[in-house]
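Here the structure is laid out as C-alpha coordinates; the discussion comes afterwards.
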Amino acid sequence: TNALWCGVEHTALRKFSSLANLHRLNGLEGVSKLYCNHVMGRDFLGAVATVIRDRINEEARKSPALGLMIDESTDVENQNLMILYLRLLREGAFETVFWGIRDVTSAKGIGLAETVAKHFIQQNVDIKKVSCMCTDGASAMTGEDGGCVKYVRDKANPCMLGTHCCAHRQALACKDALEGNLSAEWFDKCLHDIMGYHSRSAKRCEHLRKLQEDLKIDQLRLVKIGDTRWLSRGLAIER
(Lines give C-alpha, C1' and ligand atoms only; values in the text may rest on other atoms or scores of the structure.)
Protein backbone atom coordinates (compact mmCIF):
# COMPACT_ATOMS: atom_id res chain seq x y z
CA THR A 1 0.00 0.00 0.00
CA ASN A 2 2.88 2.37 0.79
CA ALA A 3 4.50 1.68 -2.58
CA LEU A 4 1.20 2.32 -4.36
CA TRP A 5 0.75 5.57 -2.41
CA CYS A 6 4.24 6.73 -3.47
CA GLY A 7 3.36 6.02 -7.08
CA VAL A 8 -0.03 7.75 -7.02
CA GLU A 9 1.35 10.80 -5.20
CA HIS A 10 4.46 11.00 -7.42
CA THR A 11 6.67 10.64 -4.35
CA ALA A 12 10.24 9.40 -4.74
CA LEU A 13 10.57 5.72 -3.82
CA ARG A 14 13.59 6.61 -1.68
CA LYS A 15 10.98 7.86 0.80
CA PHE A 16 9.50 4.35 0.94
CA SER A 17 11.50 3.15 3.97
CA SER A 18 11.03 6.40 5.92
CA LEU A 19 7.26 6.13 5.31
CA ALA A 20 7.30 2.65 6.85
CA ASN A 21 9.35 3.97 9.80
CA LEU A 22 6.74 6.70 10.32
CA HIS A 23 4.03 4.03 10.57
CA ARG A 24 6.04 2.19 13.21
CA LEU A 25 6.62 5.39 15.21
CA ASN A 26 2.86 6.02 15.12
CA GLY A 27 2.26 2.59 16.63
CA LEU A 28 1.07 0.72 13.54
CA GLU A 29 1.70 -2.95 14.26
CA GLY A 30 2.74 -5.52 11.72
CA VAL A 31 5.01 -3.27 9.63
CA SER A 32 8.00 -5.48 8.92
CA LYS A 33 11.52 -4.11 8.60
CA LEU A 34 12.04 -6.51 5.72
CA TYR A 35 11.23 -5.42 2.17
CA CYS A 36 11.15 -1.75 3.23
CA ASN A 37 13.62 -0.16 0.83
CA HIS A 38 13.32 1.69 -2.45
CA VAL A 39 14.38 -1.36 -4.48
CA MET A 40 11.52 -3.44 -3.10
CA GLY A 41 9.19 -0.47 -3.48
CA ARG A 42 10.02 -0.37 -7.18
CA ASP A 43 9.38 -4.12 -7.43
CA PHE A 44 6.01 -3.73 -5.67
CA LEU A 45 5.00 -0.94 -8.06
CA GLY A 46 6.14 -3.01 -11.01
CA ALA A 47 3.91 -5.87 -9.85
CA VAL A 48 0.92 -3.53 -9.48
CA ALA A 49 1.59 -2.05 -12.94
CA THR A 50 1.73 -5.53 -14.45
CA VAL A 51 -1.68 -6.43 -13.02
CA ILE A 52 -3.22 -3.16 -14.28
CA ARG A 53 -1.65 -3.56 -17.73
CA ASP A 54 -2.87 -7.18 -17.99
CA ARG A 55 -6.42 -6.01 -17.26
CA ILE A 56 -6.15 -3.28 -19.91
CA ASN A 57 -4.81 -5.78 -22.45
CA GLU A 58 -7.64 -8.20 -21.70
CA GLU A 59 -10.21 -5.44 -22.24
CA ALA A 60 -8.41 -4.34 -25.42
CA ARG A 61 -8.68 -7.87 -26.82
CA LYS A 62 -12.43 -7.85 -26.15
CA SER A 63 -13.00 -4.35 -27.54
CA PRO A 64 -14.41 -4.36 -31.11
CA ALA A 65 -12.27 -1.35 -32.07
CA LEU A 66 -9.36 0.62 -30.61
CA GLY A 67 -8.14 4.19 -30.78
CA LEU A 68 -4.43 4.93 -30.37
CA MET A 69 -2.80 8.16 -29.21
CA ILE A 70 0.99 8.48 -29.26
CA ASP A 71 3.61 11.16 -28.76
CA GLU A 72 7.39 11.00 -29.01
CA SER A 73 9.61 13.19 -26.86
CA THR A 74 13.07 13.45 -25.34
CA ASP A 75 13.39 13.25 -21.55
CA VAL A 76 15.84 15.03 -19.23
CA GLU A 77 18.42 12.28 -19.84
CA ASN A 78 18.28 12.96 -23.60
CA GLN A 79 16.56 9.64 -24.26
CA ASN A 80 13.88 9.30 -26.95
CA LEU A 81 10.65 7.90 -25.55
CA MET A 82 7.16 7.25 -26.83
CA ILE A 83 4.04 7.46 -24.68
CA LEU A 84 0.99 5.46 -25.74
CA TYR A 85 -2.66 5.91 -24.76
CA LEU A 86 -5.36 3.46 -25.77
CA ARG A 87 -9.04 4.18 -26.30
CA LEU A 88 -11.16 1.07 -25.80
CA LEU A 89 -14.67 -0.10 -25.04
CA ARG A 90 -15.06 -0.69 -21.30
CA GLU A 91 -18.42 -1.55 -19.71
CA GLY A 92 -20.41 -0.18 -22.63
CA ALA A 93 -18.52 3.12 -23.02
CA PHE A 94 -15.27 4.12 -24.71
CA GLU A 95 -12.54 5.10 -22.28
CA THR A 96 -9.01 6.45 -22.69
CA VAL A 97 -6.29 4.73 -20.63
CA PHE A 98 -2.54 5.10 -20.28
CA TRP A 99 -0.95 2.08 -21.95
CA GLY A 100 2.80 2.43 -21.66
CA ILE A 101 6.11 4.18 -22.40
CA ARG A 102 8.58 2.75 -24.90
CA ASP A 103 12.17 3.49 -25.86
CA VAL A 104 12.47 4.83 -29.41
CA THR A 105 15.46 3.70 -31.44
CA SER A 106 14.60 5.86 -34.46
CA ALA A 107 12.58 9.09 -34.53
CA LYS A 108 11.74 8.61 -38.22
CA GLY A 109 8.26 7.54 -39.27
CA ILE A 110 9.15 3.91 -39.91
CA GLY A 111 11.06 3.68 -36.62
CA LEU A 112 8.11 5.09 -34.67
CA ALA A 113 5.74 2.68 -36.42
CA GLU A 114 8.00 -0.25 -35.57
CA THR A 115 7.94 0.82 -31.92
CA VAL A 116 4.13 0.88 -31.99
CA ALA A 117 3.91 -2.52 -33.71
CA LYS A 118 6.37 -4.08 -31.27
CA HIS A 119 4.33 -2.83 -28.30
CA PHE A 120 1.15 -4.40 -29.71
CA ILE A 121 2.96 -7.72 -30.22
CA GLN A 122 4.42 -7.71 -26.70
CA GLN A 123 1.04 -6.93 -25.16
CA ASN A 124 -0.62 -9.61 -27.33
CA VAL A 125 -3.18 -7.15 -28.73
CA ASP A 126 -4.20 -7.22 -32.41
CA ILE A 127 -2.99 -4.03 -34.09
CA LYS A 128 -5.62 -4.54 -36.83
CA LYS A 129 -8.27 -3.40 -34.32
CA VAL A 130 -6.90 0.17 -34.44
CA SER A 131 -9.44 2.24 -36.35
CA CYS A 132 -8.13 5.72 -35.48
CA MET A 133 -4.73 7.13 -34.54
CA CYS A 134 -4.04 10.55 -33.03
CA THR A 135 -0.64 12.29 -33.14
CA ASP A 136 0.87 15.76 -32.74
CA GLY A 137 0.93 16.48 -36.49
CA ALA A 138 4.72 16.45 -36.92
CA SER A 139 5.97 15.33 -40.34
CA ALA A 140 7.50 12.19 -38.82
CA MET A 141 4.01 11.30 -37.59
CA THR A 142 1.71 12.38 -40.42
CA GLY A 143 3.90 12.55 -43.54
CA GLU A 144 2.11 11.06 -46.55
CA ASP A 145 5.07 9.00 -47.73
CA GLY A 146 7.15 8.36 -44.61
CA GLY A 147 4.95 9.19 -41.63
CA CYS A 148 4.28 6.89 -38.69
CA VAL A 149 0.52 6.93 -39.34
CA LYS A 150 1.07 5.75 -42.92
CA TYR A 151 3.19 2.78 -41.82
CA VAL A 152 0.80 1.82 -38.99
CA ARG A 153 -2.11 2.03 -41.46
CA ASP A 154 -0.26 -0.36 -43.77
CA LYS A 155 0.22 -2.81 -40.89
CA ALA A 156 -3.12 -2.38 -39.18
CA ASN A 157 -6.07 -1.28 -41.24
CA PRO A 158 -6.19 0.41 -44.67
CA CYS A 159 -9.29 2.33 -43.49
CA MET A 160 -7.63 3.60 -40.30
CA LEU A 161 -8.15 7.32 -39.70
CA GLY A 162 -5.24 9.56 -38.78
CA THR A 163 -5.98 12.77 -36.89
CA HIS A 164 -3.98 15.69 -35.55
CA CYS A 165 -4.60 16.20 -31.81
CA CYS A 166 -7.28 18.90 -31.41
CA ALA A 167 -5.60 20.36 -28.30
CA HIS A 168 -2.32 20.71 -30.20
CA ARG A 169 -4.09 22.29 -33.20
CA GLN A 170 -5.77 24.82 -30.91
CA ALA A 171 -2.43 25.72 -29.33
CA LEU A 172 -0.83 26.21 -32.75
CA ALA A 173 -3.78 28.29 -33.93
CA CYS A 174 -3.55 30.53 -30.85
CA LYS A 175 0.19 30.96 -31.37
CA ASP A 176 -0.31 31.91 -35.04
CA ALA A 177 -3.15 34.28 -34.14
CA LEU A 178 -0.69 36.22 -31.96
CA GLU A 179 1.45 37.21 -34.94
CA GLY A 180 0.59 40.54 -36.50
CA ASN A 181 -1.78 41.51 -33.68
CA LEU A 182 -0.05 44.56 -32.17
CA SER A 183 -2.05 44.54 -28.94
CA ALA A 184 -1.48 40.83 -28.38
CA GLU A 185 2.23 41.11 -29.18
CA TRP A 186 2.60 44.03 -26.75
CA PHE A 187 0.79 42.12 -24.00
CA ASP A 188 2.90 39.00 -24.63
CA LYS A 189 6.10 41.06 -24.41
CA CYS A 190 4.93 42.58 -21.11
CA LEU A 191 4.19 39.10 -19.77
CA HIS A 192 7.65 37.82 -20.75
CA ASP A 193 9.29 40.92 -19.25
CA ILE A 194 7.50 40.39 -15.92
CA MET A 195 8.48 36.72 -15.88
CA GLY A 196 12.09 37.46 -16.79
CA TYR A 197 12.46 40.30 -14.29
CA HIS A 198 11.35 38.23 -11.31
CA SER A 199 12.86 34.88 -12.25
CA ARG A 200 16.49 35.93 -12.79
CA SER A 201 17.24 37.36 -9.37
CA ALA A 202 16.81 36.00 -5.84
CA LYS A 203 16.45 39.60 -4.59
CA ARG A 204 13.59 40.29 -7.00
CA CYS A 205 11.90 37.00 -6.06
CA GLU A 206 12.04 38.10 -2.43
CA HIS A 207 10.59 41.48 -3.42
CA LEU A 208 7.71 39.70 -5.18
CA ARG A 209 7.09 37.58 -2.06
CA LYS A 210 7.05 40.72 0.12
CA LEU A 211 4.68 42.42 -2.33
CA GLN A 212 2.25 39.49 -2.11
CA GLU A 213 2.49 39.60 1.66
CA ASP A 214 1.70 43.34 1.77
CA LEU A 215 -1.26 42.83 -0.56
CA LYS A 216 -2.45 39.91 1.60
CA ILE A 217 -2.71 37.52 -1.34
CA ASP A 218 -1.57 33.92 -1.67
CA GLN A 219 2.19 33.62 -2.01
CA LEU A 220 2.50 31.72 -5.27
CA ARG A 221 5.46 31.28 -7.57
CA LEU A 222 5.26 32.50 -11.15
CA VAL A 223 4.50 29.94 -13.85
CA LYS A 224 7.17 29.97 -16.52
CA ILE A 225 6.07 30.23 -20.15
CA GLY A 226 7.16 27.45 -22.49
CA ASP A 227 6.34 27.60 -26.19
CA THR A 228 6.02 23.82 -26.30
CA ARG A 229 3.84 23.74 -23.17
CA TRP A 230 0.38 24.35 -24.57
CA LEU A 231 -1.30 25.75 -21.47
CA SER A 232 1.66 27.57 -19.88
CA ARG A 233 0.79 31.05 -21.22
CA GLY A 234 -2.77 30.91 -19.86
CA LEU A 235 -1.57 29.54 -16.51
CA ALA A 236 1.10 32.26 -16.31
CA ILE A 237 -1.48 35.00 -16.91
CA GLU A 238 -3.87 33.54 -14.33
CA ARG A 239 -1.11 33.18 -11.74
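The values are calculated or read from the model by the stated rules, or taken from the named source; none is laboratory data. All of these numbers come straight from a predicted model, not from anything done at the bench. All Cβ positions, even for glycine, are placed from backbone atoms using ideal geometry, and neighbour counts span all protein chains on display. Keep in mind that these areas ignore ligands, DNA and RNA; they rest on the heavy atoms of the full protein, side chains included. Shrake-Rupley method; radii C 1.70, N 1.55, O 1.52, S 1.80 Å.
Would you pick out the residues in segment 185-230 that are surrounded by 10 or more Cβ atoms within 10 Å (Cβ to Cβ), in contact (Cβ under 8 Å) with a residue 40 or more places away in the chain and either farther than 28 Å from C165 by Cα or within 22 Å of the chain's Cα centre (by Cα) (or both)?
Result: M195, W230.
If I ask for residues that are of a type in the set (V, I, T) and crowded, with 20+ Cβ neighbours inside 10 Å, which ones from segment 128-157 would you list?
Here is the first cut: in segment 128-157, the ones of a type in the set (V, I, T) are 130, 135, 142, 149, 152.
Scanning segment 128-157 gives V130, T135, V149, V152.
Applying the selection to segment 89-113, what residues are assigned to a strand (DSSP E or B) and not aliphatic (A, V, I, L, M)?
Of the residues in segment 89-113, the ones assigned to a strand (DSSP E or B) are 89-90, 93-103.
Selection gives R90, F94, E95, T96, F98, W99, G100, R102, D103.
Considering only segment 158-171, how many residues are closer than 17 Å to D71 by Cβ and either part of a helix (DSSP H, G or I) or open to solvent by 100 Å² or more (accessible area, probe 1.4 Å) (or both)? Even if it seems obvious, please write down each step before you answer.
Here is the first cut: in segment 158-171, the ones closer than 17 Å to D71 by Cβ are 162-171.
From the residues that got through so far, the ones that are either part of a helix (DSSP H, G or I) or open to solvent by 100 Å² or more (accessible area, probe 1.4 Å) (or both) too are 166-171.
Residues flagged as closer than 17 Å to D71 by Cβ and either part of a helix (DSSP H, G or I) or open to solvent by 100 Å² or more (accessible area, probe 1.4 Å) (or both) within segment 158-171 amount to 6.
I'd like to verify a number: residues in segment 175-184 that are of a type outside the set (G, A, S), part of a helix (DSSP H, G or I), without any contact (Cβ under 8 Å) to a residue 24 or more places away in the chain and open to solvent by 80 Å² or more (accessible area, probe 1.4 Å), how many?
Here the count works out to 2.
Which residues, counting only those in segment 1-14, are within 23 Å of the chain's Cα centre (by Cα) and assigned to a helix (DSSP H, G or I)?
A3, L4, W5, C6, G7, V8, L13, R14, listed by residue number.
How many residues are more than 12 Å from L81 (Cα to Cα) and open to solvent by less than 80 Å² (accessible area, probe 1.4 Å) when one looks only at segment 96-109? Working first, answer last.
Of all residues in segment 96-109, those more than 12 Å from L81 (Cα to Cα) come to 96-99, 108-109.
Still in the running and open to solvent by less than 80 Å² (accessible area, probe 1.4 Å): 96-97, 99, 109.
Selection size over segment 96-109: 4.
For segment 54-85, how many residues meet the condition of being closer than 19 Å to F98 by Cα and open to solvent by less than 80 Å² (accessible area, probe 1.4 Å)?
Residues meeting the conditions: 21.
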